[in-house]
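Working notes, beginning with the structure itself.
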Amino acid sequence: MSRKIAITLGKAKAKAELLDEDAPKTCDLVWNMLPIEGKTGHTIESGKEVFMNLDRKVKLVPENQTIHEIPGDVVIYFKQTIPPPAASPRPVISFIYERDAQVRSLHGPVPVNLFARITDGLKEIGDEAVRMRREGYQNMRISRA
Amino acid sequence: MGRKIKVSFPEERVSGLAELAEEDAPKTSQAIWNLLPLKANALHDIWSGHVVFLFLEPTRIIEYENVSRILDVCPGDLYYYYRAPHFFRGAPYGKVEASEIGIVYDRDTQPWGPRGAKGVNIFGTVTENLEGIARVCERMIWDGAKAVLLERT
Amino acid sequence: MRKMEFELDGAKAKAIMLEDAVPKTCEAIWNKLPLSGMSIHAKWAAREFMLHLSGKNRIILKPEGPSAEEDIAGTLHQVPFGMGRISYFFREAGVLRGVQRDYSPEFQRELCEFAIYYGHGAPSIQDPGRQPDPTKSVNIWFATFEEPIPKDFVAKADAMQYEGMKPLAIRRLGTSR
């Protein structure tokens, strides 16, 4: 039985199932850091994605990677700000809420660790992402479910 | 709710249903509907990932419609693509104009060719038995071409 | 050379119209100024924000200047949008996939906007071999920001990623030689 996480964005709640078999190290990494909460933003280069910065000390290794995200994917990766600042890329956690999304940087697609899939509440959390695009973002909270 | 079409691999005795994206791609949906029933040999794509495709013979030109901003597709997508002759290098594909229908059967797929990404019209989605269709498409990597039949329901 | 002023939530930047390259477009837009509305940040192009031209702001323009094919023909497939470009976009409903639910109902499928590139852009993947009918998808680069773009203007634009939409006013700034 896969572990589950809860994602809260504004008033919307979603549940995601960890891909323990496909991404065991990444799932453990995320599980062990929960609960986390932080300022959320909408991507400006990747389409339908909402992300949250993680502590720079988070050690991420490539695992279960893709450059083709689909709605419901929950991913973790190193995000390079556009344009590249003096600082190195920082780890972020994000979810994809609709089609036409691809995590990208100035140089093109960025491979992400796909570690979970949203199983409940994708519509609700997507609606909240859409609303917040216009009105401004609130914190996102991710916890063990 | 769009009209449905049946996607079959007759020799494999596998079929599924797809819904036309009539709200998003009305012209392409109608143009494809008008071609049915359509039987052709489908080949596994060699550039794009999890896609099998069939050529429309003779070539049909359908206008650019419902193309993803990032030229991306999702599992279950049915798409149409047209290319002019000599757009990309190589034989046999490059020299002739061609129009094709693609069936996307799994993720990690982006329509691609020798010249780069392809801007495809997404005109439908497989809504029933994508898994069965996917198993047949996977076998095509080893078995080669298989007949596919698209029909109105 | 005509100049425009962009004011984004109190921060200002100036732009020069490309009258030699696209005279008809510049004339049509100049005649519409001043105009204002709420702008929204881009989702794909990186440092871009848009003003959707609704109601009395709506302008329908014919293609002018380099075609889309000319703009991307020499590229592989990824085209970074130019920093400092200000472009007019019109796209008929149905050309591109999907409904943009974060835009007002008028623009969830059709598009009519100023696209304002205030910094580095993410590469946009293109298929030069297959492009929409140029009358159904119009893209005219008609102005460029004077550089450097003021830091407070850039900061306001960047902030939309977290804070949502912000008010934008575009006005004539006069003519200079």
Review point. Taking into account only those residues within the range B:41-76 that are within 13 Å of chain C (Cβ to nearest Cβ), surrounded by 19 or more Cβ atoms within 10 Å (Cβ to Cβ) and not aliphatic (A, V, I, L, M), which is nearest to the chain's Cα centre (by Cα)?
Key: B:S48
Point to revise | Failed item, numbered, when B:Y79 is tested on (1) outside any loop (DSSP other than H, G, I, E, B); (2) more than 11 Å from every other protein chain (Cβ to nearest Cβ) | key: (2)
Point to revise | the range C:54-110 - residue that is at pLDDT 90 or above and polar (S, T, N, Q) and, of those, nearest to the chain's Cα centre (by Cα) | key: C:S87
Study note, to complete from the structure: Filtering the range A:95-118 down to residues that are buried (at least 24 other Cβ atoms within 10 Å of the Cβ), within 10 Å of another protein chain (Cβ to nearest Cβ) and not in a loop (DSSP other than H, G, I, E, B) yields A:R104, A:L114
Check your understanding: Looking at C:A157, C:A143, which one is in a strand (DSSP E or B) and either without any contact (Cβ under 8 Å) to a residue 12 or more places away in the chain or within 15 Å of C:Y117 (Cβ to Cβ) (or both)?
Key -> C:A143
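Suppose the filter is polar (S, T, N, Q), within 14 Å of chain C (Cβ to nearest Cβ) and surrounded by 15 or more Cβ atoms within 10 Å (Cβ to Cβ); does A:T40 pass it?
Spelling it out, A:T40 is indeed polar (S, T, N, Q), within 14 Å of chain C (Cβ to nearest Cβ) and surrounded by 15 or more Cβ atoms within 10 Å (Cβ to Cβ).
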Check your understanding: Does any residue in the range C:103-115 that is without any contact (Cβ under 8 Å) to a residue 12 or more places away in the chain come within less than 7 Å, Cβ to Cβ, of a residue that is assigned to a loop (DSSP other than H, G, I, E, B) and exposed (fewer than 14 other Cβ atoms within 10 Å of the Cβ) six or more places away or on a different chain, and which pairs are these?
Key -> C:Q108/C:V99
Review point. Given (1) charged (D, E, K, R); (2) touching a strand residue (DSSP E or B) at 6+ places or on another chain (Cβ under 7 Å); (3) not in a loop (DSSP other than H, G, I, E, B), where does B:D108 come up short, assuming only one miss?
Key: (3)
Point to revise | Filtered residues of the range C:110-128 (kept if assigned to a loop (DSSP other than H, G, I, E, B) and either surrounded by fewer than 19 Cβ atoms within 10 Å (Cβ to Cβ) or in contact with a helix residue (DSSP H, G or I) (Cβ under 7 Å, 6 or more places away or on another chain) (or both)) | key: C:E110, C:Q126, C:P128
Check your understanding: Quick check, is A:P89 away from chain C (no Cβ under 13 Å), within 16 Å of the chain's Cα centre (by Cα), without any contact (Cβ under 8 Å) to a residue 24 or more places away in the chain and surrounded by fewer than 18 Cβ atoms within 10 Å (Cβ to Cβ)?
Key -> yes
Review point. For B:G113, are the conditions met, namely being more than 22 Å from B:G2 (Cα to Cα), within 14 Å of another protein chain (Cβ to nearest Cβ) and not aliphatic (A, V, I, L, M)?
Key: yes
Review point. From the list A:L60, A:L29, which residue is under 24 Å from A:S143 (Cα atoms), away from chain C (no Cβ under 13 Å), in a loop (DSSP other than H, G, I, E, B) and in contact (Cβ under 8 Å) with a residue 24 or more places away in the chain?
Key: A:L60
Exercise for review: Please go through the range C:1-19 and pick out each residue that is touching a residue at least 60 places away in the same chain (Cβ under 8 Å) and outside any strand (DSSP E or B).
Suggested key: C:M1, C:D9, C:G10, C:L18
Revision key, fill the gap. Taking the range B:141-153 and keeping only residues that are farther than 17 Å from B:E19 by Cα and surrounded by fewer than 19 Cβ atoms within 10 Å (Cβ to Cβ), one is left with B:I141, B:W142, B:D143, B:G144, B:A145, B:A147
Point to revise | Criterion violated by C:Y162 - all others in (1) within 14 Å of chain A (Cβ to nearest Cβ); (2) surrounded by 17 or more Cβ atoms within 10 Å (Cβ to Cβ); (3) hydroxyl-bearing (S, T, Y) satisfied | key: (2)
Review point. When you look at B:A98, is it surrounded by 17 or more Cβ atoms within 10 Å (Cβ to Cβ), in contact with a His (Cβ under 8 Å, 6 or more places away or on another chain) and modelled with pLDDT under 95, yes or no?
Key: no
Review point. Do we find that B:F87 is surrounded by 20 or more Cβ atoms within 10 Å (Cβ to Cβ) and either within 14 Å of another protein chain (Cβ to nearest Cβ) or closer than 22 Å to B:A18 by Cα (or both) in this structure?
Key: no
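The values are calculated or read from the model by the stated rules, or taken from the named source; none is laboratory data. Being a predicted model, the structure only gives us computed values, none of them experimental. Note that each Cβ is placed from the backbone with ideal geometry, even for glycine, and that neighbours are counted across all protein chains shown.
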